[in-house]
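Colleague: Right, I'll just put the structure down here and ask away after.
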Amino acid sequence: MGGVVKYGIIGVGMMGREHLINLSHLRSEGVAVVSIADPHIPSQQLALNLAHSFNWPLKVFSGHWELLESGLCDVVVVSTPNMTHYQILMDIINHPKPHHVLVEKPLCTTVAECKKIEEYEKEKGVYWLPLGSAGGRLSLPDVYRLIWGKMPLDVGNNAKNTSKSWHMCAKIVSFLLEAASHSDASIPQSVVDAARKRQEILVQVGLEYRYMPPVAKLIEIVKGGILGQVKMVAIREHRFPFLVKVNNWNRFNCNSGGTLVEKCCHFFDLMRLFVAANPVRVMASGAIDVNHKDEIYDGKVPDIIDNAFVIIEFDNGSRGMLDLCMFAEGSKNEQEISVVGHIGKGEAFVPENVVCFGTRLAGRDGVQTLKAEDKRIKYDGLHHGSSYLEHLNFLSAVRAQGVQAPAVDLQDGLLSVAMGVAAQLSIEKGRFVTIEEVMDEQKCNSSA
Ligand SMILES: NC(=O)c1ccc[n+]([C@@H]2O[C@H](COP(=O)([O-])OP(=O)(O)OC[C@H]3O[C@@H](n4cnc5c(N)ncnc54)[C@H](O)[C@@H]3O)[C@@H](O)[C@H]2O)c1
């Protein structure tokens, strides 16, 4: 995709505005934020003020559907509360106009929703159609789009008719696919051309901690084999309590997915990267011991835990451990990561931005300490430059027009949620919970 890449941001609360500022630092890379969607007027106003300061005229919508229908954007960033991600993503993926998507973590709040998104993306698949001598591939939404594009403008552009037109499209497409499977009739050249021009919809999940310079450096060390076969990963996050959010959505498990999904999907994603394996089973202990106990919203006290220990076993025999405390403001670092392989050990400290690594052979005297930095970062923001690098990376995938896969895909998003869900369930049940169990909706429901 050449020229200016036009972005829309759905949800412009704290994180949406963070994306807006990050994208303003990518302006020289040919990025423009052209629209936002948010029903909350104060959030809209704060985003508008920011955009004006960047000299970016913004079209403002109160919902994501209007933003999609405007046809203004090539890329949308979804930074709405967790419980809204599923429906918004489904609407984006289903929309006749293709939009690349960067969706904030967690992908969704439940495994079932994540799976539906992933399966839909897969099912959408690619259909081989008899495109005359040229041959070619079309995905189902491509065919929808082609037909949609041929519709009279007053039908395609009239929001009231959208749903009706959409069903009509679906019927025609089914008919075409059926016909195509039974005949070798060729489809007009314009379709072949369109198929050639086809752009995949890229969906990247905002698991951005992997881009933090000390974390990225430690990943590089691990992947370089200096530590040998990774056996143990321990991640400690000791920090301040959850911040106040618009309408306090993050105070309840039903909205956020629970602390170990909402917050800790980042760390479960990192563990999978370090051990290069998939999780098998999870054991956790946690509670709400200090924070939010004196808060009441609509007569209800928050139910999100504020501390936990989680142990994860991976399918290559390696182990992960998470130590989460959200009443630990008196900490030098917010994240301390330790990775131990059969040859050596590496550590990363955030926000000190320090990485240490050494081997068993060289011992304590041989431990090397370095300051991790990434010169590409133009804006540190709230997450030590990781949001900036995430956008830089996603932009390059978007520009590569489907040749380059998103760095953090739907499977990564799904598994990081599954590990969090398993940990939450383990606390509730007081036993190990297998990933297979939470991946199987029926088993999960019957054990709940
Ligand atoms: N990557 C990270 O480290 C990180 C950090 C913070 C938040 N997040 C994620 O970002 C997302 C947003 O969190 P936040 O901290 O900005 O919350 P927030 O409450 O500050 O902002 C959410 C915004 O979304 C708006 N909104 C609600 N429903 C909407 C809808 N249907 N359509 C459009 N807008 C809607 C709200 O009005 C609000 O302005 C969450 O998924 C959260 O987990 C990620």
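Colleague: Among the residues of the stretch 95-118 satisfying the criterion of being away from the ligand (no atom under 16 Å from the Cβ) and closer than 20 Å to Ile9 by Cβ, which is surrounded by the fewest Cβ atoms within 10 Å (Cβ to Cβ)?
Modeller: Ranking the qualifying residues of the stretch 95-118, first place goes to Lys97.
Colleague: For the stretch 252-274, which positions are surrounded by fewer than 21 Cβ atoms within 10 Å (Cβ to Cβ) and within 11 Å of the ligand (Cβ to nearest atom)?
Modeller: Asn255
Yes or no, residue by residue, for (1) surrounded by 16 or more Cβ atoms within 10 Å (Cβ to Cβ); (2) assigned to a loop (DSSP other than H, G, I, E, B):
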| site | (1), (2) |
| --- | --- |
| Val310 | yes, no |
| Leu322 | yes, no |
| Lys332 | no, yes |
| Ser338 | yes, no |
| Asp374 | yes, yes |
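Colleague: Give just the number: which of (1) away from the ligand (no atom under 15 Å from the Cβ); (2) under 20 Å from the mean Cα position of the chain (by Cα); (3) closer than 21 Å to Leu395 by Cα does Ser28 not satisfy?
Modeller: Result: Ser28 fails condition (2) only.
Colleague: Still on this model: Do we have Pro39 as free of Cβ contacts under 8 Å to residues at least 24 places away in the same chain, more than 24 Å from His383 (Cβ to Cβ) and either outside the structural domain of Leu414 (by TED's automatic domain parsing) or buried (at least 19 other Cβ atoms within 10 Å of the Cβ) (or both) here?
Modeller: no
Colleague: For the stretch 36-80, how many residues are of a type outside the set (Phe, Trp, Tyr) and more than 12 Å from the ligand (Cβ to nearest atom)?
Modeller: Count: 17.
Colleague: Moving to a separate point now. If you check every pair at least six apart or on different chains, which have Cβ atoms under 9 Å apart with a residue in the stretch 105-118 that is farther than 9 Å from Tyr86 by Cα and assigned by TED's automatic domain parsing to the domain that holds Asp269 first and a residue that is away from the ligand (no atom under 14 Å from the Cβ) and not β-branched (Val, Ile, Thr) second?
Modeller: Hits for this filter: zero, empty list.
Colleague: Do we find a residue being touching a Phe, Trp or Tyr at 6+ places or on another chain (Cβ under 7 Å), at pLDDT 95 or above and either within 16 Å of the ligand (Cβ to nearest atom) or of a type outside the set (A, V, I, L, M) (or both) anywhere in the stretch 221-236?
Modeller: Checking the stretch 221-236: at least one residue is touching a Phe, Trp or Tyr at 6+ places or on another chain (Cβ under 7 Å), at pLDDT 95 or above and either within 16 Å of the ligand (Cβ to nearest atom) or of a type outside the set (A, V, I, L, M) (or both).
Colleague: Now, a different point. Give me the pairs: first residue in the stretch 12-35 and under 16 Å from Glu390 (Cβ atoms), second residue of a type in the set (Gly, Ala, Ser) and more than 9 Å from the ligand (Cβ to nearest atom), beta-carbon distance under 7 Å, and six or more apart or on different chains, which are they?
Modeller: Glu18/Gly381; Leu20/Ala51; Ile21/Gly381; Asn22/Gly381; Val33/Ala51
Colleague: Quick check on the stretch 1-22: of everything there that is crowded, with 24+ Cβ neighbours inside 10 Å and not in a helix (DSSP H, G or I), which residue is nearest to the ligand (Cβ to nearest atom)?
Modeller: Here the residue is Gly11.
Colleague: Surrounded by 21 or more Cβ atoms within 10 Å (Cβ to Cβ), touching a residue at least 12 places away in the same chain (Cβ under 8 Å) and away from the ligand (no atom under 16 Å from the Cβ), is that true of Gly346?
Modeller: yes
Colleague: Name the strands (runs of 3 or more DSSP E) wholly inside the stretch 57-126 in which the number of residues that are within 23 Å of Gly2 (Cβ to Cβ) is 3 or more.
Modeller: 75-78, 100-104
Colleague: Could you list all residues from the stretch 376-422 that are assigned to a helix (DSSP H, G or I), of a type in the set (Gly, Ala, Ser) and either touching a Gly at 6+ places or on another chain (Cβ under 8 Å) or within 26 Å of Pro351 (Cα to Cα) (or both)?
Modeller: Within the stretch 376-422, Gly381, Ser386, Ser387, Gly413, Ser416, Gly420 meet the criteria.
Colleague: Would you pick out the residues in the stretch 20-56 that are over 14 Å from Lys6 (Cα atoms) and among the hydroxyl-bearing types (Ser, Thr, Tyr)?
Modeller: Listed by number, the residues that qualify are Ser43, Ser53.
The values are calculated or read from the model by the stated rules, or taken from the named source; none is laboratory data. What you see is a predicted model; the values in this text were computed from it and never measured. Using ideal geometry, Cβ is built from the backbone for each residue, glycine included, and neighbour counts are taken over all protein chains shown.
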